[in-house]
Ligand code: PGA
């Protein structure tokens, strides 16, 4: 894992936007994996700003989102489709037909299973994901792959853990129906991406970040599966990195990487 520690959440967003821009500008048909949640909002704001400044175009980009709640319509205020439209898709030149958020409105298991299979097939058809953006849950989840998810799992129905339901309660109005099920890319699906970039900011994430990077490979921390990925980059602000035992080593690695890049190895 490449661990990058930056001073502030804003720096994390800028770093992630640079990586996204790099992929978009270097490929004819770039395929992005996208995430919802509070953490990537600053990244999406930055991408919108770069699009408005004509620094990036998403005209050829295809996107796949990690997950969607089961049983609510795309148009629902809390659907992840709505989130993506509001925070990114409505403000850039991506073709909506090229954006994929798992279709999970049905409550019929057969329909949902078919939808999950179709989603996997669409990723294959697009040639696989070039760069998958990820956040991390307080319980170490990636996408909605909750603790004990198989490292080889594919897109499927997943029951949310109590901690995730509580963490996401803030987005729902009092008394509003809050789904307990989701359709999520599997950990195996995520690991198939050519590169993954996980972003985490704030003190609340420090424990999950520590377990992901320095803990054992364990289904109890789904994000620890990223230890198996050849090109996983973890970008953290100081607060999210605050519990890492090898923090100074990661900084040193980045210094050396930079020196190597500049042809100035010491
Ligand atoms: P957050 O969610 O960015 O809202 O903290 C991250 C996640 O649960 O993956």
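Read-outs throughout are calculated quantities, based only on the coordinates presented, and are distinct from any laboratory measurement. Treat the numbers as computed from the prediction; the structure is a model and nothing was measured. Here the Cβ positions follow ideal geometry from the backbone for every residue, glycine too, while neighbour counts run over all protein chains shown.
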| field | Residues of the stretch 233-255 with amide N under 19 Å of a point placed 7 Å along Cα→Cβ from residue 261 | value | 233-238, 248-255
| message | Could you tell me the extents of the stretch 2-261's C-alpha atoms along the three principal axes, largest first, rounded to whole Å? | response | 54, 41, 35
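Take the Cβ-Cβ distance between residue 109 and residue 245 as r, set R0 to 41 Å, and report the resulting FRET efficiency rounded to the nearest 0.05.
On the way: r = 43 Å, r/R0 = 1.06.
FRET efficiency, residue 109 to residue 245: 0.40.
List 184, 189 from most exposed to least, where exposure is judged by having the fewest other Cβ atoms within 10 Å. Kindly include the intermediate steps, with their values, before the conclusion.
Working: 184 32, 189 26.
Ascending Cβ contact count within 10 Å gives the list 189, 184.
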